[in-house]
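Trainee: Once you've had a glance at the structure underneath, I'll fire off some questions.
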Amino acid sequence: MSLDTIPLPKEGTLSKDYRMQVTCEEPPNLLPPLAILDEAVTPVERLFVCNHQPIPSLSRKHWELTIDGLVRHPLTIGFSDLFREPTSSFFAALIGRSQIAEGYASIANVEWIGAPVALFLEAAGMKPQAGFAACWSYGPQPMVRYLPLSKLWQDGMLAYAINGQPLPPLHGGPVRLIVPGWSSAYWLKWIAQITLLSPERAPAAAHVDGSLAIDCCLFNLPNGVLRPARYTTLRGAAWSAARGVAQVDISIDEGPWQTATLDQNLGPRAWRRFSFRWSASSGTHLLAVRVSDNSGQSAVRRWQIDVRSS
Ligand SMILES: Nc1nc2c(c(=O)[nH]1)N[C@H]1C(S)=C(S)[C@@H](COP(=O)(O)O)O[C@H]1N2
Ligand SMILES: [Mo]
């Protein structure tokens, strides 16, 4: 792939779905209603936006990443250096901290394309004392995120494309950090610098485990109300800390667990959609959804559902 073949999206060319809720104008923060997220892969137009800093204006030509600190050869790479390495791509769920409230959700499942961070960490030569990484963004108010070096080395990706399109500035373009299996707060946009630190030098924030909890959502339960029907199909998505979802079971009114139907498997880092046919009678029901991942861990989420005709 040459640089000329992927044009950089121009400012303002990314139009968002009109149904998204604008929770803040500046910096832009947008949330999609759950009802428009019921797809295997979230279109970029429906991808939530969460910003704590103004969006820096940064072209591919001017983007650089410096790797320094506890390395033998501090280095600075440019955008074209990302293309000298083998391309990596995978589907991964992007799950925000606040997650789901009043029918809106900071959750998505997207294909990320980029270069593994490990290739550049190895080129810089990690010193044995290095245990953590401070990752800094561009911008007048840069953001910093701390990660254990082992996580960054094993799973970190420098992504420049999303769902086959160039990564838009709103989502961290030209280049952002991808940390599959960890909360989206760690997925640093507009990445500028990675500084390796010793465990003693790393602040308390570095020692927090950002792994995603096993969890799920339901797409078609607006405000917990369902219309009675002979059969209703409950539809949702489940995720884990990048270990893949093995099984989803459902229990109605404390009854026995029944296995839900799983949708296409997009890999261990992706969310897994599920569906369950239920003949719901009028009244209030307790719904429990149990998600089990491939490491044998599971979690249960419960809902109270009103089935009524008006
Ligand atoms: N540089 C930078 N990176 C950032 C943020 C930010 O404000 N600045 N927000 C973080 C948070 S809190 C979230 S939830 C995700 C949101 O990514 P998205 O806007 O692409 O959905 O980016 C993370 N990375
Ligand atoms: Mo966030």
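Trainee: Toward the positive end of the charge dipole of the chain, about the Cα centre and with charges on Cβ (Lys, Arg +1; Asp, Glu -1), which of S88, Y160, S106 goes farthest?
Mentor: About the Cα centre, the residue reaching furthest to the positive side is S106.
Trainee: Per-residue counts of other Cβ atoms within 10 Å, averaged by peptide: what ranking do you get for 162-168, 236-242, highest first? Numbers along the way, then the final one.
Mentor: Numbers: 162-168: 17.9, 236-242: 24.9.
Most protected by this proxy first, the peptides run 236-242, 162-168.
Trainee: If you don't mind, there's one more thing I want to ask. Arranged from highest to lowest average of other beta-carbon atoms within 10 Å per residue, in what order do the peptides 143-152, 110-119 appear? Provide the component values of the computation, followed by the final result.
Mentor: Details: 143-152: 18.6, 110-119: 20.7.
Taking the mean over residues of other Cβ atoms within 10 Å, the ranking is 110-119, 143-152.
Trainee: Okay, next question. What distance in nm separates the two pseudo spin-label positions at R72 and T259, each 7 Å out from Cα along the beta-carbon direction?
Mentor: Each label point is offset 7 Å from its Cα along the Cβ direction, giving 5.1 nm.
Trainee: Out of S150, C216, T284, whose Cα points farthest toward the positive end of the dipole of the chain (charges: +1 Lys, Arg; -1 Asp, Glu; placed on Cβ)?
Mentor: My answer, from the dipole projection, is T284.
Trainee: How high is the relative contact order of the chain, given as a whole-number percent (alpha carbon pairs under 8 Å, six or more residues apart)?
Mentor: Working: 743 pairs, mean separation 49.7, N = 310.
Dividing the mean separation by the residue count of the chain yields 16 percent.
Trainee: While we're looking at this one, here's another question. Going Cα to Cα from K61, which aspartates and glutamates come in below 19 Å? Please leave out same-chain ones fewer than 8 positions away.
Mentor: In chain and number order, the partners are D4, E11, D81, E85.
Trainee: What dipole magnitude, in Debye to the nearest 20, does the range 215-307 give about its Cα centre under +1 on Lys/Arg Cβ and -1 on Asp/Glu Cβ? Write down the numbers at each step before the final one.
Mentor: Numbers: 11 positive and 7 negative charges, 53 e Å.
With Lys and Arg at +1 and Asp and Glu at -1, about 260 debye.
Trainee: Sum up the charges of everything whose Cβ sits under 10 Å from the Cβ of V289, counting Lys and Arg as +1 and Asp and Glu as -1, but leave V289 out.
Mentor: Working: positive: R290, R301, R302; negative: D215, D249.
The answer is +1.
Trainee: Here's something else I'd like to know. For L94, which sequence-distant residues (separation of 5 or more, or a different chain) have an amide H within less than 5 Å of its own amide H, given hydrogens modelled in the peptide plane?
Mentor: Close amide H contacts, sequence-distant or interchain: A108, N109, V110.
Trainee: Dipole magnitude of the chain about its Cα centre, charges +1 at Lys/Arg Cβ and -1 at Asp/Glu Cβ only, in debye to the nearest 20?
Mentor: Taking the Cα centre of the chain as origin, the dipole is about 240 debye.
Trainee: May I pose another question? Given labels modelled 7 Å from the Cα in the Cβ direction, how far is it in nm from S59 to T23?
Mentor: 3.4
Trainee: Per 10 Å bin, what percent of the C-alpha pairs of the chain does each bin hold, from zero upward?
Mentor: All Cα pairs, binned at 10 Å, distribute as 6, 26, 31, 22, 11, 4, 1 percent.
Trainee: Also, quick follow-up: For the pair D306 and R201, what calculated FRET efficiency results from E = 1/(1 + (r/R0)^6), where r is the Cβ-Cβ distance and R0 = 51 Å, to the nearest 0.05? Each step should come with its number before you reach the end.
Mentor: Details: r = 54 Å, r/R0 = 1.05.
That pair, R201 with D306, gives E of 0.40.
Trainee: Report the relative contact order of the range 106-209, percent, no decimals, based on alpha-carbon pairs under 8 angstrom and at least 6 residues apart. Write out the running numbers ahead of the final one.
Mentor: Working: 187 pairs, mean separation 35.3, N = 104.
The value is 34 percent.
Trainee: Moving on to the next point. Counting Lys +1, Arg +1, Asp -1, Glu -1, what net charge surrounds Y186 among other residues with beta carbon under 15 Å of its beta carbon?
Mentor: Local charge sum for Y186: +4.
Trainee: From the backbone phi of the range 288-302, what are the Karplus-calculated ³J(HN,Hα) couplings (6.51 cos²θ - 1.76 cosθ + 1.60, θ = phi - 60°) in whole Hz, Gly and Pro given as x?
Mentor: Listing the rounded values in order: 10, 10, 10, 10, 10, 9, 6, 9, x, 7, 9, 8, 10, 10, 10 Hz.
Each reported figure results from applying straightforward, stated rules to the coordinates on display, with no laboratory input. The shown structure was predicted, so the numbers you read here are calculated from the model rather than taken from an experiment. When we count neighbours, we look across all protein chains shown, and the Cβ atoms used for this are built from the backbone with ideal geometry, even at glycine.
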